[in-house]
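Here the structure comes first, spelled out in structure tokens, and everything after it is commentary.
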Amino acid sequence: MTPRTRYSLRNLLAAARRGHADWAPAWREAEPKAAYDIVIVGGGGHGLATAYYLAKNHGITNVAVVEAGWIGGGNTGRNTTIVRSNYLYPESARLYDFSLKLYEGLSHELNYNIMLSPRGVVTLAHSRHDLDAQSRWANAMRCNGIDAELLDLPALQALEPRLNCGRDARFPILGGFVQRRAGPARHDAVAWGYARAASALGVEIVQNCPVTGFLTQGGRVVGVQTPLGPIRAEQVALAVAGHSSVLARKAGVELPVTSYALQAMVSEPVKPVLNTVTLSPALGTYWSQSDKGEVVIGGALDHFPSYAQRGSFDVMQQVLAATAEMFPTLGRLRLLRQWAGIVDVVADSSPIIGPTPVPGLAINCGWGTGGFKAIPVGGWTLAHWLATGRHHALAEPFQLARFHTGRLIDEAAAAGIAH
Ligand code: FAD
Ligand code: PYC
């Protein structure tokens, strides 16, 4: 044993005895002040990223993020971490690819390893119709300057050798396509990285503080009500995902959002068995392997609206049956955990970013099953609106007003897991 390793072992022992007692907190835990320039409701990725970019891009630091539970405890810490920009329409392609580019530099930007792993996201085709739709989809991506490669069966099998590509499979595969720049990232790290960086710039993070209502004056929102008392603000921004419609209604805003449970599960950890993230939109199921070795298996939305954060048994059963058919080797694994999050679904499967009809109240919601990948761009563009009172060009098409003008951007087909 070298002197150096002896020294580190001594340090390790001392650290084990001390526990976490003298660790510096990554962000300051604040008691709310009476007033801020901006209060952001919801300490998920979108709320925290909004706070960070307000401070970083616009120099606005008199900001509080007010979170009902713990930061990242909502969908941001419950998702299956797929980051991709393989959308169909130019508006979405621009939005999600900007986000992917921010993700590509995020570990460096935040000085926090978010473990982005561009291992490729594969979408499977099970029919002639799927193949035609995917050719159009991949070609649209390339026209929008985003990488996409169509895959025939041998290419697919080479990429993912354990995938059941047999002719006699219950769900035969005809081909697919891959976005190679896409892949998973560590979800908690995204929340913690933004929280730490925002806090370092002066943003206050208040946890265990549910917003229960709004302060209004002359028809304008001028703050929020909480169990810790009222907090005044020149502007309030909501980033509460599945709770958006409930909370917005308290300010008199009706949102075209329906909330559903979306579930996922992980197996016991095993050595590397999956190379990519693979989705079968037709089966409503997808698979990847975490860096710890757990096989991550996700399913489609529950069939009915709900705020019960657990996910129903019939979806789980269907997902596991599809898993055993598509990856027969995975059929022998034991499940370790199953969980769900409440996601905010909008009719055209696209987000809502910007003002509401009530002055002083802005919103970021409607990401449904797919907003983890959009955390950087959601934060960037909402911060732009709050700081300047103007839409960021990327967010302009995604206003709430589109439900009046009818200019919907229907991304249901590219939503990965439909929402
Ligand atoms: P959240 O992270 O949910 O944060 C909202 C916060 O608001 C919560 O912390 C909540 O406690 C808080 N809040 C609610 N009400 C109040 C209140 N009254 N006062 C104060 N705070 C409040 N997306 C992808 O891109 N890729 C994926 O692979 C993917 N997989 C998914 C798998 C599952 C199982 C689930 C559930 C979702 C998945 N998503 C995925 C979707 C993604 O997780 C969400 O779109 C994204 O995390 C939304 O982030 P957010 O910050 O808006 O919401
Ligand atoms: O947005 O890629 C996605 C996704 C897949 C499963 C759930 N969300």
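Per the conditions (1) open to solvent by less than 60 Å² (accessible area, probe 1.4 Å); (2) of a type in the set (A, V, I, L, M); (3) more than 26 Å from S349 (Cβ to Cβ), the sole criterion not satisfied by L228 is (1).
Only a single criterion out of (1) assigned to a strand (DSSP E or B); (2) away from ligand 1 (no atom under 16 Å from the Cβ) is not satisfied by S107, namely (1). How many of the residues in segment 251-279 are part of a strand (DSSP E or B), over 30 Å from G219 (Cβ atoms) and within 14 Å of ligand 1 (Cβ to nearest atom)? The qualifying residues number 10. With respect to the conditions (1) small (G, A, S); (2) open to solvent by 30 Å² or more (accessible area, probe 1.4 Å); (3) at pLDDT 95 or above, G45 lacks only one, and its number is (2).
Scanning segment 201-215 for residues that are open to solvent by 20 Å² or more (accessible area, probe 1.4 Å) and without any contact (Cβ under 8 Å) to a residue 60 or more places away in the chain, which turns out nearest to ligand 1 (Cβ to nearest atom)? Going through the qualifying residues, I end up with T212. Out of A233, A197, A248, one residue alone is within 30 Å of A418 (Cα to Cα), modelled with pLDDT of 95 or more, among the hydrophobic types (A, V, I, L, M, F, W, C) and not in a loop (DSSP other than H, G, I, E, B). It is A248. Looking only at segment 284-307, decide whether some residue is out of contact with any Ser or Thr (no Cβ under 8 Å at 6 or more places or on another chain) and aliphatic (A, V, I, L, M). No: zero hits.
Could you check how many residues of segment 375-419 are closer than 22 Å to D302 by Cβ and either open to solvent by 40 Å² or more (accessible area, probe 1.4 Å) or among the hydrophobic types (A, V, I, L, M, F, W, C) (or both)? The total comes to 7.
Here are some conditions: (1) within 16 Å of ligand 1 (Cβ to nearest atom); (2) in contact with a Leu (Cβ under 7 Å, 6 or more places away or on another chain). K56 meets all but one. Which one does it not meet? Of everything listed in (1) within 16 Å of ligand 1 (Cβ to nearest atom); (2) in contact with a Leu (Cβ under 7 Å, 6 or more places away or on another chain), K56 misses just condition (1). In summary, M115 fulfils each of the numbered conditions (1) in a loop (DSSP other than H, G, I, E, B); (2) touching an Asp or Glu at 6+ places or on another chain (Cβ under 7 Å); (3) buried (at least 18 other Cβ atoms within 10 Å of the Cβ); (4) not basic (K, R) with the single exception of condition (3).
The listed residues are A362, A322, A340, and the only one of them that is open to solvent by less than 40 Å² (accessible area, probe 1.4 Å) and within 11 Å of ligand 1 (Cβ to nearest atom) turns out to be A340.
The values are calculated or read from the model by the stated rules, or taken from the named source; none is laboratory data. Note that the coordinates shown come from a computational prediction; the quantities given were computed from them, not determined experimentally. In this analysis, Cβ positions are derived from the backbone assuming ideal geometry, glycine residues included, and neighbour counts consider all displayed protein chains. Accessible surface areas use protein heavy atoms only, side chains included; no ligands, DNA or RNA. Shrake-Rupley method; radii C 1.70, N 1.55, O 1.52, S 1.80 Å.
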